[in-house]
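Asker: Handing you this structure, nothing more for now.
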Amino acid sequence: MTRPPGEPRRVAYLFLLPAFAVYAAFLLYPIGRAVQLSLYDWDGLTLGTWAGLDNYAAIIADGELRDAFGHALVLMFFYAALPLAIGLMLAAILNHAKVRGLGFFRTVVFLPQVVAMVVVAVAWRQVYSSDGSLNALLEAVGLGGLARGWLGDYTFALPAVGVVGTWFETGLVTVLMLAGMSKIPLELYEAARLDGAGAVREFFAVTLPSVRGEIAVALTLTVIAALRTFDLVYITTGGGPGNSTSVPSYEVYHRAFELGQVGSAAAIGVTLTLVIFVISFAINRFADRSVS
Amino acid sequence: MISRAERLGNYAILSVFAVFALFPILTILQAAAGGGVEGFAQAWETGHFHTYLRTSLGVSAFVVVVSVTLSIMSGYAFGTMRFRGQNILFYLFLLGIMMPSEAIAVPLYFDLRTLGLTDTFWSVALPQVALSVAFGTFWMRAYFRSSSRAIVEAARIDGASVWRTLWQVLVPPARPAIVTLILLVFMWTWNEFLIPLIMVTSEGLRTAPLGLAFFQGQYTSDFALLAAGSVIVATPVVIFYLFLQRHFIRGLLQGAVRE
């Protein structure tokens, strides 16, 4: 870290104090308390009993919790991998061809980012419902046999939730990739052309390496979003059918406030926090190393 | 040069994705329009959206004003001054940017309950101030570090106090960065769901997204009404987005780019 400008100043502490006080009371202290609570069996009402690391062991041993983390992995495909593939393609097209209406397209694909997730969930519930627009579309193209209540289906509920994530994240990733690609100097493309590279080789030889930093940022944001999915699951499926769409964040809420297993909920929350830190650290490490 | 066929193909792909992005939103708009003005009036009165919006407005205004002011001050300290423990303190703030609110919401609920503070305005607003201050400190520090050091030095030679240097010399040219921060904090607070869900039990304190979630539980069959409620919840942020989208896009993209 480079040295910030300015001389040593004690008055800095006074400027930091108000922000730090709120931050410590409502974020640092609670995370400490979460670690403490995670070591107890507590129903939220009576006296808790010491449980040691049992709540953490349960994350591996308990099939339902293992499933919840497994579902988060599936969501990562839909929230991170798929939007990255689509976003790279769309951005490459937009950057390559001077299409008209670029501004409009960017406004439209980015729009899902600013709409409240509760509203998004209400909209997609309607799309997926048995008399909803997805089934209407399938019948219109002669695939009416596939129609079903998507969110109530054991096989399709999780992918259906995942597609909402794809819908939600693709715009963000596309705009991020566009920003990265617009910084690539034209000479690089001209050089590739002179070497006789086609569009595909040009993409892998010039475009992809140049946006490595943006890819790391996109993956960090979308992987974290996948791990933190809560509002969407709460509104659309409530973790069901069965527990086929339960995810860690939903389990935190479900256990703490519906099942009265506060210790277990805290342990899941702490684990989730650690997983998020490790993943974003790893992605950024990987990006740094491949740049140098 | 690009061939005509390639150009048409490109437009086709882009159109498909534009339609995909707009489709669910249009579903809502169409249903809400189908319910007509009566649908909105019913959502507003029967659905109690007027009280939900009032709460959301109060919470958002409080979180924006307090967290942006505190962030400007802490970002100023980190960005222009040198002091012992600077790096450790800054990394502590960075933790909060990635911290999932799920992890802190559980202990916060039980501790605030002990203090008798759950189901109050403060239990909804203050945790969100803490979450926003983490990002805001990071954001304003980056801005102040890049702003000219010469200005700070000149102000000091002119005899301006540290306090005046911040508010009268540094803040006015920082307006674009501050506007971006205000918009982001407003959007996050307005759209937040988990914290009000956990903290609030009385109907008078429900925020707009929380109200919509409960409304949805009651009126599952009447989609026109539900759609009207959804439009009411989403509109304030979407309007800001349509007029100031540069700020939203820049903020959401740059905010993630760490040094």
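Every number here is computed from the coordinates shown, using simple stated rules; none is lab data. Small disclaimer: the values here were computed from a predicted structure and weren't measured. Please note: Cβ atoms are built from the backbone with ideal geometry, for glycine as well, and neighbour counts cover all protein chains shown.
Asker: Work out the FRET efficiency for A:Leu208 and B:Thr46 from their Cβ-Cβ distance, taking R0 = 45 Å, and round it to the nearest 0.05. Could you put the intermediate results ahead of the total?
Answerer: Working: r = 54 Å, r/R0 = 1.20.
Efficiency computed from Cβ-Cβ geometry: 0.25.
Asker: Residues with amide H under 5 Å of A:Tyr40's amide H, sequence separation 5 or more or different chain, H placed in the peptide plane at 1.01 Å from N; which?
Answerer: A:Ala51
Asker: Given a cut-off of 14 Å, what percent of all Cα-Cα pairs of the range B:15-56 lie beyond it?
Answerer: The answer is 62 percent, as a whole percent.
Asker: Still on this structure: Output the Cα-based Rg and Dmax of chain B in Å, rounding Rg to one decimal and Dmax to a whole number.
Answerer: In order Rg, Dmax, the Cα atoms of chain B give 22.3, 70 Å.
Asker: Does the protein assembly as shown come out rounded, prolate or oblate, given a ≥ b ≥ c as the square roots of the eigenvalues of its C-alpha gyration tensor, rounded meaning a/c under 1.5 and, failing that, prolate meaning a/b above b/c?
Answerer: rounded
Asker: Moving on to the next point. In nm, to one decimal, how far is the modelled label at B:Arg4 from the one at B:Arg149, with both set 7 Å along Cα→Cβ?
Answerer: Each label point lies 7 Å from its Cα, and together they span 6.1 nm.
Asker: From the phi of every residue in the range B:137-151, what ³J(HN,Hα) in whole Hz does the Karplus formula 6.51 cos²θ - 1.76 cosθ + 1.60 yield, where θ is phi - 60° and glycine or proline is x?
Answerer: Calculated HN-Hα couplings, in order: 4, 4, 5, 6, 4, 4, 5, 5, 5, 7, 6, 5, 6, 4, 4 Hz.
Asker: Run the numbers for A:Asn284 and A:Glu190: contour at 0.36 nm per residue of separation, minus the present Cα-Cα distance, in nm.
Answerer: Working: separation 94, 0.36 × 94 = 33.84 nm, distance 3.04 nm.
Working it through step by step, the gained length comes to 30.8 nm.
Asker: Follow-up question, since we're still on this one. In percent, how large is the relative contact order of chain A, given Cα pairs closer than 8 Å and 6 or more residues apart?
Answerer: Working: 345 pairs, mean separation 83.6, N = 292.
About 29 percent, as a whole number.
Asker: On to the next question. Take every Cα pair under 8 Å in chain B that's 6+ residues apart, average their separations, divide by the length, and report that relative contact order as a whole percent. Could the numbers behind the result be given before it?
Answerer: On the way: 234 pairs, mean separation 88.4, N = 259.
Reported relative contact order: 34 percent.
Asker: Pop the C-beta distance of B:Arg54 and B:Asp222 into the FRET formula with R0 = 25 Å and round what comes out to the nearest 0.05. Write out the running numbers ahead of the final one.
Answerer: On the way: r = 24 Å, r/R0 = 0.95.
Calculated value: 0.55.
Asker: If you don't mind, there's one more thing I want to ask. Could you derive backbone 3J(HN,Hα) for the range B:47-59 from the dihedral phi with the Karplus parameters 6.51, -1.76 and 1.60 (θ = phi - 60°), listing whole Hz in sequence and x where the residue is Gly or Pro?
Answerer: So the Karplus estimates, Gly and Pro as x, are x, 6, 5, 5, 6, 4, 5, 4, 4, 4, 5, x, 5 Hz.
Asker: With a Förster radius of 30 Å, plug the Cβ-Cβ distance of A:Ala199 and A:Phe104 into 1/(1 + (r/R0)^6) and report the FRET value to the nearest 0.05.
Answerer: Working: r = 25 Å, r/R0 = 0.82.
Efficiency computed from Cβ-Cβ geometry: 0.75.
Asker: Residue by residue through the range B:200-209, which ³J(HN,Hα) values in whole Hz follow from phi under the Karplus form 6.51 cos²θ - 1.76 cosθ + 1.60 (θ = phi - 60°), with glycine and proline marked x?
Answerer: Here the 3J(HN,Hα) series is 9, 10, 7, 4, x, 9, 5, 7, 4, x Hz.
Asker: Let me ask something else about it. Work out, step by step, the length gained on full extension between B:Ala61 and B:Tyr91: first 0.36 nm times the residue separation, then minus their alpha carbon distance; give nm to one decimal. Show your work: numbers first, answer last.
Answerer: Values: separation 30, 0.36 × 30 = 10.80 nm, distance 2.78 nm.
Computed gain between B:Ala61 and B:Tyr91 is 8.0 nm.
Asker: Obtain the nm distance between the two label points defined at B:Ser202 and A:Leu53 by a simple spin-label model: each point lies 7 Å from its Cα along the Cα-to-C-beta direction.
Answerer: About 4.6 nm, to one decimal.
Asker: Could you work out how much longer the chain between A:Asp41 and A:Leu146 gets when fully extended? Use 0.36 nm per residue separation minus the Cα distance between them, nm to one decimal. List each step's numbers first, then the result.
Answerer: Values: separation 105, 0.36 × 105 = 37.80 nm, distance 4.58 nm.
Extra length available between A:Asp41 and A:Leu146 comes to 33.2 nm.
Asker: Another question, if that's okay. What are the semi-axes of the equivalent ellipsoid of the range A:20-291, taken as the square roots of 5 times the eigenvalues of the Cα gyration tensor, listed largest first and rounded to whole Å?
Answerer: Values: eigenvalues 301, 140, 48 Å².
Over the Cα atoms of the range A:20-291, the ellipsoid semi-axes are 39, 26, 16 Å.
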